[in-house]
Structures are given as structure tokens and as C-alpha cells.
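Take a look at the structure set out below.
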């Protein structure tokens, strides 16, 4: 009896929100796999990745929601990764390919990393392929119409800020700082930027590339903001433009 070849787990980056930001390769694989997995949303609502790809999915494809708790407890997280890995393996070991769709890029602070690692620990024969994509800092810079970095600028990305002192240290040497998931610490960050006279170099983008995207290009008079979870703040600690030494907006007009 011929052994069934194990299916491939694809990690497909689908971008920060706009469905058209998925790559051609990602879309091709998404359209051809029989099973599409994605993280479940909060309180029964569709998750972001699911919302991004739903227009591309066919009625014959199996949709596999996987639950990942929003906690810092490693034990609980590891349990969730193991459960999710076995749910995916249920299809892979039958020779069916599975695409796990992930908002942003699968290699950039992504749940997919933990799922793939757990799956390969439990089933070393598992084949994993990743498809890169657009992550939120790049999308936010595009929405603002400015380069994220130029020349020799040093970029720091903080996925979540729990200790404001960490930001103070980074601002001493970094040229550009991106704070992801900034909503919970925005007020403390604003106070730091005010003290350092950096408010005029800070910009906030919420829900980048989505129809409900909101941009705050001037936060000098905004010590408080009611920001959603998908918000980030870009701080241009030093300002440069190629050839001039001063930063300016890109001319995106014709």
C-alpha cells in the first residue's frame, strides 16, 4: 500500500488590512489549497486575517479557525499551540495542503511562527513554507506618504511597550522608532515625547490600509487618544531627506 505524502503547511502573509496587498504568490497558493486556517477573532467575531482573505476564498475550501488566547502565560499559549498544531495535522497527514493566513508578514511577530515550530516538534516530517508580505510599519509609512528610513538611519520596532523606561533608552540612540500596539500606553508615551520635544515628530496611524484608517499627523495637542488595538506610532527622532539632511514628505502626485 502506497504511503500518503504529507501535505504542506503554507504560512501566507496577507498584509495589514487591504485585501489587494496580498502577493500574487500568496493569492495563487491561497486559491489552490483545500484548507485555509486562521486565528479566531475576539468574542466570536471574524479575525483580521479571516476578514482580509474572505473575498478570495472558494465555497469548496475548508475554513479552519484556530484559537490562540490573548495572554502572556507561556503554559496556556503552549497548550493552545499544541491543540492548533494537531488540528492542522489532521489534514496534513492525509496529504492535504493547509494555508495559514496571517495579517502582516508571517515572519514579523506572527502567531504562525509558534504554530509551525510546535507542528514540526510534534511531527518532524511536516513541510512548512512561508510567503512574505507587507507588515504594518511599512503600510503606515506608505499611508503617511513618507519614507520609513533614509540613508543611515537606525530603525527600532517595539512590538509592545510594557515599560516606558525602555522607550527612554531607545530614544537616546535610535533615529526612527515604531511602537506597535501603542493604544494601551499612548498617554505615557505622549508624556515622554512632550518632555523630549518630539511630539512634532510623532505620527499615529490606526487600522492602516483599511477603509476606516485614521491618521494623526500632529499629536501635540492630543495627550489622550481612544485608539483601537491595530494602531501604531512612528517617531522620527532625527529627520533626514536624501541629499538634504532634512526630512520631507514624498510627492505622491502625478
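Only one of 17, 95 is farther than 20 Å from residue 133 by Cβ and either touching a residue at least 12 places away in the same chain (Cβ under 8 Å) or in a loop (DSSP other than H, G, I, E, B) (or both); which? Show your work before the answer.
Details: 17 fails: farther than 20 Å from residue 133 by Cβ.
The unique qualifying residue is 95.
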Subset of region 164-180 (residues that are closer than 22 Å to residue 230 by Cβ and buried (at least 18 other Cβ atoms within 10 Å of the Cβ)): 167, 176, 177, 178, 179, 180
Can you pull out every residue in region 72-116 that is under 20 Å from the mean Cα position of the chain (by Cα) and loosely packed, with under 13 Cβ neighbours inside 10 Å? 72
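Going through region 174-225 one residue at a time, which ones are assigned to a strand (DSSP E or B) and under 26 Å from residue 51 (Cβ atoms)? Spell out how you get there, then give the answer.
First, pick out the residues of region 174-225 that are assigned to a strand (DSSP E or B): 176-180, 202-206, 214-216.
Those that are assigned to a strand (DSSP E or B) and under 26 Å from residue 51 (Cβ atoms): 178, 179, 180, 203, 204, 205, 206, 214, 215, 216.
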Does region 143-154 include one or more residues that are assigned to a strand (DSSP E or B) and either closer than 27 Å to residue 41 by Cβ or at pLDDT 95 or above (or both)? no
Assess whether residue 37 counts as being under 17 Å from the mean Cα position of the chain (by Cα), surrounded by 22 or more Cβ atoms within 10 Å (Cβ to Cβ) and either at negative phi or not in a loop (DSSP other than H, G, I, E, B) (or both). yes
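Condition check ((1) without any contact (Cβ under 8 Å) to a residue 40 or more places away in the chain; (2) within 26 Å of residue 21 (Cα to Cα); (3) in contact with a strand residue (DSSP E or B) (Cβ under 9 Å, 6 or more places away or on another chain)) across all residues:
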site: 120; (1), (2), (3): yes, no, yes
site: 125; (1), (2), (3): no, no, no
site: 128; (1), (2), (3): no, yes, yes
site: 134; (1), (2), (3): no, yes, yes
site: 144; (1), (2), (3): no, yes, yes
site: 148; (1), (2), (3): no, yes, yes
site: 179; (1), (2), (3): no, yes, yes
site: 185; (1), (2), (3): yes, no, yes
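The values are calculated or read from the model by the stated rules, or taken from the named source; none is laboratory data. Bear in mind the structure is a predicted one, so any value in this text is a computation, not a measurement. Using ideal geometry, Cβ is built from the backbone for each residue, glycine included, and neighbour counts are taken over all protein chains shown.
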